[in-house]
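The next block holds one structure in the form of structure tokens; read it before the comments.
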Amino acid sequence: MAGRWIEQWDPEDETFWRTTGERTARRNLVFSVLSEHIGFSIWTLWSVMVLFMGPEYGVDPAGKFFLIGTATLVGAVIRVPYTFAVARFGGRNWTVFSALMLLLPTGAAYAVMEPGTSYGTFLLVAALTGVGGGNFASSMTNINSFFPLRKKGWALGVNAGGGNIGVPVVQLVGLLVIGTAGAAHPRIVLGAYIPLIVVAAVCAALWMDNLAPVKNDTGAAREAVRDGHTWIMAFLYVGTFGSFIGYSFAFGLVLQTQFGRTPLQAASLTFIGPLLGSLIRPVGGALADRFGGARITLGNFLAMAAATGVVVTASVQESLPVFLVGFIALFVLTGLGNGSTYKMIPGIFQAKALAKGMTGEAAAAYGRRLSGASMGLIGAVGALGGLGINLAFRQSFQSAGTGTGAFVGFLLFYAVCSVVTWAVYLRRPAPAPVPAEAPEAEPQLGYARV
């Protein structure tokens with residue numbers, strides 16, 4: 001796949017960006033969104049499949065939470081190699097390959113989705129859907145290289161938001177099938193996605209590009225791993241994206257288990273939260289571009305804690321309307337937070353470059369180098385938050401028959417995220433974390449605008 005290679009790329013050069021770069025970057029963004037969108041749909045496929053699994057499948061609610069947790073785990077872990085694949089094979093080439101890989105879990109699910117299939121087989125097929133989660137990491141790393149720093153919040157927000165919409169779309173497809181053909185026909189959902197996967201791969205092959213200047217930098221990867229900001233941002237991303245993907249997987253199952261909704265009733269509500277959370281993500285990036293990612297992220301975590309308090313109250317009182325209001329508000333806030341936290345990453349590393357005395361293109365190149373290396377790791381750790389959410393729900397329902405205990409834990413976690421955001425990125429002065437092997441102190445940085 002020699003494909004289309006661009007030998008020189010300098011988006012920070014305003015003349016280059018205006019005459020050539022912007023048009024090319026936007027074209028790649030469009031088809032990156034398409035591929036990532038399908039990837040998210042396949043990754044979250046089992047949030048829909050469990051709604052089709054009635055008593056005849058012999059799988060209890062705890063088993064269903066474990067199925068969706070398995071898909072979450074594999075999708076999180078596979079993000080790390082997917083991040084480095086872009087520089088190794090080219091963004092266009094890897095997008096084609098990773099899109100075609102989605103045929104494996106979709107075809108496998110089509111083959112086994114019927115009563116009588118063993119739980120172990122379901123578990124294996126759910127794990128295969130994790131390849132869809134990897135598409136996010138490679139897509140974000142690729143698009144990060146195409147856009148200048150001043151446009152990254154918007155571009156990464158659009159890319160991620162368009163991909164995230166794959167979650168509510170697959171849930172809407174599930175609703176359509178349940179509402180028309182009935183809960184006994186999950187294969188219709190799977191059959192609908194097979195041609196879409198092929199379309200995404202063909203479009204990437206025809207209209208995307210590889211950037212020759214983007215190379216894997218093992219030194220940058222090691223530096224990113226040693227940098228404390230990588231782990232701090234990974235922790236914050238657990239609170240935003242981890243919440244989004246965890247709630248997306250679990251929402252319908254919580255409605256069925258705690259509020260006794262039928263598959264059709266659950267499916268008719270499940271898509272609303274992920275849809276709003278996906279649509280709002282670019283807004284979070286744009287707000288971060290204008291007001292600073294740290295400020296938006298802090299306010300967002302405080303609001304998430306408040307919304308979770310509403311959910312806890314509704315869970316205790318068994319009020320479905322109040323529960324829906326609080327839960328959907330949580331989805332919206334996770335979307336905003338996803339956009340603002342991802343905008344912070346390149347800004348943080350460019351701020352570090354300026355503190356080291358770099359200027360102009362040197363500082364921008366350092367920021368791209370370190371942010372690109374850290375994004376895969378941050379995305380992988382953040383996605384593990386989805387696993388944590390589903391395991392917390394599983395334990396809460398097993399021990400108490402309700403999700404209240406899990407929600408209380410989430411509220412406390414968002415409070416901790418708020419404190420960390422303020423202490424590291426908004427308190428003045430805010431010292432930069434120092435790598436363990438570097439005893440000398442780094443210059444103090446102010447991160448309010450990152």
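The string of couplings for the range 377-383 from the Karplus curve (6.51, -1.76, 1.60, θ = phi - 60°) is 5, 4, x, 5, 5, x, 5 Hz, one whole number per residue in order, with x for Gly and Pro. Close amide H contacts of Asp209 (hydrogens built in the peptide plane, cut-off under 5 Å, sequence separation of 5 or more or a different chain): Arg92.
Classified by the C-alpha gyration tensor, the chain has an oblate form. Its axis ratio a/c, with a ≥ b ≥ c, is 1.5 or above, and a/b does not exceed b/c. For the chain, the solvent-accessible area with a 1.4 angstrom probe is 36 square angstrom per residue.
May I ask you to give the percent of accessible area on the chain that is carbon plus sulfur, with a probe radius of 1.4 Å?
On the way: 10740 of 16050 Å².
Carbon and sulfur together cover 67 percent of it.
Each residue of the range 55-64 was assigned a 3J(HN,Hα) from its phi angle through the Karplus curve 6.51 cos²θ - 1.76 cosθ + 1.60 (θ = phi - 60°); the sequence is x, 5, 7, x, 10, 7, x, 4, x, 5 Hz, with glycine and proline shown as x. Cross-link partners for Lys152 among the lysines, with Cα-Cα distance under 18 Å and sequence neighbours closer than 8 places in the same chain left out: Lys343, Lys352.
Exposed loop sites, defined as GluC sites (Glu not before Pro) outside DSSP H, G, I, E and B with at most 15 other Cβ atoms within 10 Å, are absent from the longest region of the chain, namely 8-317. Here the Karplus curve 6.51 cos²θ - 1.76 cosθ + 1.60, taken at θ = phi - 60°, turns the phi angles of the range 301-315 into couplings of 5, 4, 5, 5, 5, 5, 5, 5, x, 4, 5, 4, 4, 5, 5 Hz, with x standing for Gly and Pro. The range 306-346 and the range 349-405 have Cα centres spaced 19 Å apart. Placing a pseudo-label 7 Å from each Cα along the Cα-to-Cβ vector at Ile194 and Thr19 gives an inter-label distance of 4.9 nm.
Shown here for the range 352-401: trypsin sites (Lys or Arg not before Pro) in loop regions (DSSP other than H, G, I, E, B) with at most 14 other Cβ atoms within 10 Å, namely Lys356.
With a/c under 1.5 counting as rounded, go ahead and sort the range 263-395 into rounded, prolate or oblate using the C-alpha gyration tensor (a ≥ b ≥ c being the square roots of the eigenvalues; past the cut-off, prolate if a/b is larger than b/c, else oblate). It is prolate, given that a/c is not under 1.5 and a/b is the larger ratio. Rounded to the nearest 20, the size of the Cβ-charge dipole of the chain about its Cα centre is 560 debye, with Lys and Arg at +1 and Asp and Glu at -1.
Given the -39500 (n - 2.57) contribution per DSSP H run of 4+ residues, what per-residue ellipticity at 222 nm results for the chain, rounded to the nearest 500 deg cm²/dmol? Walk me through the numbers before you get to the answer.
Values: 20 runs with 341 residues, N = 450.
The per-residue figure over the chain is -25500 deg cm²/dmol.
Residue separation of Leu426 and Phe291 scaled by 0.36 nm, minus their Cα-Cα distance, works out to 47.4 nm of gained length.
The values are calculated or read from the model by the stated rules, or taken from the named source; none is laboratory data. All values reported here derive from a predicted model rather than from experimental measurement. No Cβ is skipped: glycine too gets one built from the backbone with ideal geometry, and neighbour counts run over all protein chains shown. Areas reflect the complete protein model, heavy atoms only, side chains present, ligands, DNA and RNA absent. Shrake-Rupley method; radii C 1.70, N 1.55, O 1.52, S 1.80 Å.
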